[in-house]
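Chemist: One structure follows; several queries about it will come next.
The values are calculated or read from the model by the stated rules, or taken from the named source; none is laboratory data. Only a predicted model underlies this, so the values are computations on that prediction, with no experimental measurement involved. Note that each Cβ is placed from the backbone with ideal geometry, even for glycine, and that neighbours are counted across all protein chains shown.
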Amino acid sequence: MSHEQGRSNGDDDIATFLIGLSIGLVGGLLTALFITPKAGSEVREGVSRAFRELPDRVNDELTSSSVKTKELLDKTRQNIEDQIDRSRRDRTADKMAKAKNAEELATGYDYN
């Protein structure tokens, strides 16, 4: 997969998320309108307020998602770095064990 395809899939995921979020918000708003017994002026004020707050709510959701994604990436990066460090220590220990074994073979002496 090329780098451009990966970016396109990420853009598609964001677009899908935003569409789903928008549909959910509109659906929730319409459901609230139909099941809440209010006067017409109260309903209009509620709808107006909901649409004024919509950009802030979407921004809050995106910011929250962005923070969670960054935390996940940081944790994943740290886990990978830890795994690399363990692998390096294991390789060093293996080299030392092989060197000791070679020394034992060369001298004909068993240190154990």
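Chemist: Please state which of the following conditions R86 fails to meet, knowing it meets all the rest: (1) at pLDDT below 90; (2) among the charged types (D, E, K, R); (3) under 29 Å from the mean Cα position of the chain (by Cα); (4) surrounded by 10 or more Cβ atoms within 10 Å (Cβ to Cβ).
Modeler: Of the numbered conditions (1) at pLDDT below 90; (2) among the charged types (D, E, K, R); (3) under 29 Å from the mean Cα position of the chain (by Cα); (4) surrounded by 10 or more Cβ atoms within 10 Å (Cβ to Cβ), the odd one out for R86 is (1).
Chemist: Could you check the range 57-94 and list, in sequence order, the residues that are more than 30 Å from I23 (Cβ to Cβ) and basic (K, R)? Let's see the steps before the verdict.
Modeler: Taking the range 57-94 as the starting set, the residues that turn out to be more than 30 Å from I23 (Cβ to Cβ) are 74-94.
Residues satisfying the conditions are K75, R77, R86, R88, R89, R91.
Chemist: Here is a follow-up. Specify which of the listed residues (D56, D74) is among the acidic types (D, E) and at pLDDT below 85. Spell out how you get there, then give the answer.
Modeler: On the way: D74 fails: at pLDDT below 85.
Testing whether each residue is among the acidic types (D, E) and at pLDDT below 85 leaves just D56.
Chemist: Pick from the range 25-53 the residues that are surrounded by 13 or more Cβ atoms within 10 Å (Cβ to Cβ) and either at pLDDT below 80 or not β-branched (V, I, T) (or both): which of them is nearest to I14 (Cα to Cα)?
Modeler: Top of the filtered list is L25.
Chemist: May I pose another question? Restricting the search to the range 24-46, which residues are assigned to a helix (DSSP H, G or I) and over 33 Å from the mean Cα position of the chain (by Cα)?
Modeler: Within the range 24-46, L33, F34, I35, G40, S41, E42, V43, R44, E45, G46 qualify.
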